[in-house]
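Contents: one structure, followed by commentary.
The values are calculated or read from the model by the stated rules, or taken from the named source; none is laboratory data. Quantities reported herein were computed from a predicted structural model and do not represent experimental measurements. No Cβ is skipped: glycine too gets one built from the backbone with ideal geometry, and neighbour counts run over all protein chains shown. What goes into the accessible areas is simple: the full protein's heavy atoms, side chains included, and nothing from ligands, DNA or RNA. Shrake-Rupley method; radii C 1.70, N 1.55, O 1.52, S 1.80 Å.
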Amino acid sequence: MTEPVRLPTAQEVDAARANIAGIARRTPLWRLDAEVPGVNVYLKLENLQPLGSFKIRAAINAMKARDPEALQGGVLAASAGNFGQGLALAARRLGVAATIVVPDGSAATKTAALEALGARVIRIPFDDWWQVLMTRRFDGAQGEFFHPVADSAVVAGNATIGAEILEDLATFDTLIAPFGGGGLISGIGSVVRRLNPGAHMIAVESQASQPAAAALAAGRPTKVRHDQSFVDGMGSSTVLDVMWPLVRETVDEAVCVSFAEIAEAIRLLAARHHVIAEGAGAAAVAAALSGRAGRGDIVCIISGGNIDVSKLAPILAGEDPF
């Protein structure tokens, strides 16, 4: 039986920081170079991580939390690509095989990176991929299963981001994080709730799907429509039941941004800071600039920078990738 997912203690966050030291980077917190009346936007640049995503923190910590003997038969995960890369890197260091099941809308740059790390990549339709997440198994592949969201060690790995932010900026008004399954904002939120309890925690979603907004409105996980888009690093058809208690405790509000707003945020980050963000990575900035996150000091999680050149080039040229 799968253990319940829970928020990490302060001691567990400290242990996660020790586990990822020397592999994941301590990423900078930069102030956005853009004039927005009444708003100071700060960028937590997780796109600068090895492999280009915050997921390396979660994957490394989750691997180190498992019994090494259990990993000898290989590791298996369902991932849109970023978590899978972190897991594949850790598996390569341990000399064990990695199999990553990805949804058919996953960016080609992410699957290519998985293969370069030596992982076996299996691409399946999104709905089938979602079932792998739910059941934690995939016929035709073996190995110790790692869930990219619903795992206490994953949440603790993500919480290390919150610890770093609060060391650099002790107080702020709002934090915005992209919402995929809730592991990122829950991990960060667990630290923010302890150390800066007055901060407003916002989950940002795109027009592709809004499971967090639906769950917060209904008071329970609710099925929503999920459309594939260039914003492949976030979004799903529902908040997982096991993650709902964590989301309910750490998320105050969910806001939705359009594809056009995300594309404009990608252009802004590239032009002002030479920062390349994938769709999910730019979504928090889109929310902050839209005014939907309010005023004051706002921290935006730039979750990753793994975007296909075929999508990035037209965005930078001023075109809309949809």
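Between the amide H of Arg123 and those of Val102, distances stay under 5 Å, these residues lying 5 or more places away or on another chain, with hydrogens modeled in the peptide plane. GNM on the chain, alpha-carbon springs under 10 angstrom: the most fluctuating residue among Leu89, Leu166, Leu114 is Leu166.
Judged by the gyration tensor of its Cα atoms, with axes a ≥ b ≥ c, the stretch 139-192 is prolate; a/c meets the 1.5 cut and a/b is the larger of a/b and b/c. Return one quarter of the surface area of the convex hull spanned by the alpha-carbon atoms of the stretch 194-322, equal to its mean projected area, in nm². If you wrap the Cα atoms of the stretch 194-322 in a convex hull and average its projections, you get 8.3 nm².
Set the Förster distance to 45 Å, then compute FRET efficiency between Asp320 and Arg92 from the Cβ-Cβ distance, nearest 0.05. Result of the calculation: an efficiency of 0.75. Computed from phi, the 3J(HN,Hα) profile of the stretch 58-72 under the Karplus parametrisation 6.51, -1.76, 1.60 (θ = phi - 60°) reads 5, 5, 5, 5, 5, 4, 6, 7, 8, 5, x, 5, 6, 8, 5 Hz, with x in place of Gly and Pro. Projected label points at Gln11 and Asp252, each 7 Å from Cα along the beta carbon direction, are separated by 3.1 nanometres. With the convex hull of its Cα atoms as the shape, the stretch 1-160 has an orientation-averaged projected area of 11.1 nm².
Placing a label point 7 Å from the Cα of Glu69 along the Cα-to-Cβ line, the residues of the stretch 134-165 whose backbone N sits under 19 Å from it are 143-145.
Taking label positions 7 Å along the Cα-Cβ direction at both Ala270 and Arg295, the computed distance is 3.3 nm, reported to one decimal. Take every pair of alpha-carbon atoms less than 8 Å apart whose residues are at least six positions apart; their mean separation over the length of the stretch 143-268 yields a relative contact order of 26 percent.
Ignoring any ligand, DNA or RNA, what whole percent of the accessible area of the stretch 248-322 comes from carbon and sulfur when the probe is 1.4 angstrom? Carbon-and-sulfur percentage of accessible area, whole number: 50.
Roughly how tilted is helix 152-168, in degrees to the nearest 10 and between 0 and 90, from the longest Cα axis of the chain? Long axis of 152-168 versus the principal axis of the chain: about 30 degrees. Taking every alpha-carbon pair under 8 Å whose residues sit at least 6 apart, the stretch 1-102 reaches a relative contact order of 21 percent.
Taking the Cα centre of the chain as origin and assigning +1 to Lys and Arg Cβ atoms and -1 to Asp and Glu Cβ atoms, the resulting dipole is close to 460 debye.
Using the alpha-carbon positions of the chain, Rg (one decimal) and Dmax (whole number) come out as 17.9, 56 Å.
Take each peptide in 221-230, 44-53, count the other Cβ atoms within 10 Å of every residue, and average; sorted highest first, the result is 44-53, 221-230. The tail of the calculated P(r) for the stretch 203-277, taken as Cα-Cα distances beyond 17 Å, holds 48 percent of the pairs. On a per residue basis, the chain carries 39 Å² of accessible surface, using protein heavy atoms and a 1.4 Å probe. Backbone phi angles across the stretch 31-40, fed through the Karplus curve with coefficients 6.51, -1.76 and 1.60 (θ = phi - 60°), yield HN-Hα couplings of 7, 5, 8, 7, 7, 10, x, x, 9, 10 Hz in residue order; Gly and Pro are listed as x.
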